[in-house]
Structure formats: structure tokens, C-alpha cells
Amino acid sequence: MLVMKFDIITIFPEIFDSYFSESLIKKAEDKGLIEINIHDLRDYSIEKWGDVDGKPYGGGRGMVMKVGPIYRAVKEIKNEKKCKTVLFTPRGEKYNQKKATEYSDLDQIIMICGRYEGVDERVKTQIADQSISIGDYVLIGGEIPAMVVVESVSRLVPGVVGIDNEGFLEERVIGDGMIEYPQYGRPEIFKTDEGEKWETPEVLLSGHHKKIKEWRKEHGEIIN
């Protein structure tokens, strides 16, 4: 069985400790369905003090992450044929469900988490296979985007989400996207302090599987 490998390059490796040690991500790793490796970029520096950043040419505020340490890290980490190296940047292609589905067919994803003022452009043009943005806003670093990619791709790996993961994928995955529909749980009717009644649609209480399926299809939204 092939294991989906996630390799994250960062200067703050401890950021991931709590997030990846909980919930389904931890269970999936314990089962050997996925493998998450966090790499400290400073380990690939050849500078005396482990520096990985420097002043930008042309002037400007802030520091730029150097190309050398990132080059050496990716060169050592990459060990699968079906592999993509991803750089997180506000100037990247918008990440979506279609991209997550595409990544789920890989054996290895190497993610470069930027910091400071930015990353040397040669990382984008010469090292990364793709540049990705998770939204129209600027973050302090690429660590949160890396978590987003790991979770969104992992849930597409058979066996990760629940016992009947294959059934889940068959029901939810449509082409390169996923269908998401409204969900209701107990109680059937929720009464507010103001006397309002928030009710569950009757069709979901009917036990009529065909009608429920039609309702979900009608009210669902395909996320691409």
C-alpha cells in the first residue's frame, strides 16, 4: 500500500506539533495511511549561525528567504516520482477542491513555507512545480496553508475519514469537486429562549432514502 507523504519545509517546525497530533490526521498517520514530515529549514543552511534569510537586492524593508537552503532541502527530501513541490505565496494559483483532488493522486507533496518579506523568486521559477495561494489575503507565513493542504488532501485518501471512507468518497466526490449539503442533527426541533422553533426538514426524518438523496442533491452545492 502506497503512503501519501507530506513534507513541510519551515523555520518554525513546532507550529505543527499540536495540530497534527490530534483528530483524524493523527489516526491516519498511526494507521500508516499518510506520513507527515516536518523539516527545519535552518538544518540546510551553510551559514555559521544557520541563517536562511538576507537583505533583498534593490533595497526594501524586511528580509528575503534565501534560495540556497531551500534548494538543498528539496533536493534531499524529494524521493518519489509522483511528487509536486509547492510554494505558498499570495501571487500563486488559487487553491481549491479540484487542486486537492489532483494532489491526492500524488505519492509525495513537498511544501515550502515562506516567511519574512518573501522568498527569493528563483525558488518560484526554478524549484517549485507550483505556486499556491489559499485566498485573497496575505498571511505572516506558509504554515497555515500547509495545514490546509494536508487536511484537504488527506480526507481524499481512502481509509482516512471514518470507517466507511470509500462510501463517503463515492457519495461526496463528483469529478474534481465535492458536493456539500445541509446537515441536521438532534433534536428534531430546537426551541430558542425567545420561543422560536428551528425545525429539521421533514424529508430527512422520513427514512425514505431515495427522497433524502434527491433532497441532498437539490440543496447541495458542488465545491470545485
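The numbers here are math on the coordinates, done by the rules we state, and not lab data. Bear in mind the structure is a predicted one, so any value in this text is a computation, not a measurement. Note that we place each Cβ from the backbone using ideal geometry, even for glycine, and neighbour counts take in every protein chain shown.
Scan (i) 16.9; (ii) 11.8; (iii) 13.3 for the value of mean projected area of the Cα convex hull in nm² calculated from this model and give just the label. Matching entry in (i) 16.9; (ii) 11.8; (iii) 13.3: (i). Residues Leu205, Leu87, ranked from the fewest to the most other C-beta atoms within 10 Å, line up as Leu205, Leu87. Mean residue ellipticity, 222 nm, helices only, the chain: the sum of -39500 (n - 2.57) across DSSP H runs of n ≥ 4, divided by residue count and rounded to 500, is -7500 deg cm²/dmol. Putting +1 on Lys and Arg Cβ atoms and -1 on Asp and Glu Cβ atoms, find which of Ile112, Val123, His39 reaches farthest to the positive end of the dipole of segment 1-123. Result: Val123, furthest along the dipole toward the positive end.
Counted over the chain, the DSSP beta bridges are approximately 30% antiparallel. What is segment 16-112 by shape, rounded, prolate or oblate, if you read a ≥ b ≥ c off the alpha carbon gyration tensor as root eigenvalues and call it rounded for a/c under 1.5, prolate for a/b larger than b/c, and oblate otherwise? Note, shape of segment 16-112 comes out prolate. Mind checking the angle between helix 143-154 and the chain's longest principal axis? C-alpha axes, 0 to 90 degrees, to the nearest 10. Approximately 50 degrees, to the nearest ten. Working note: Karplus 6.51/-1.76/1.60 with θ = phi - 60° gives segment 58-67 the couplings x, x, x, 7, x, 10, 10, 5, 6, 6 Hz, where Gly and Pro are set to x.
Charges were assigned to the Cβ only: +1 to each Lys and Arg, -1 to each Asp and Glu. The resulting dipole of segment 1-137 about its Cα centre is roughly 380 debye. The alpha carbon gyration tensor of segment 181-223 gives principal lengths a ≥ b ≥ c with a/c of 1.5 or higher and a/b no greater than b/c, which makes the shape oblate. With respect to the chain, whose longest principal axis is taken over its alpha-carbon atoms, helix 209-219 is tilted by about 50°.
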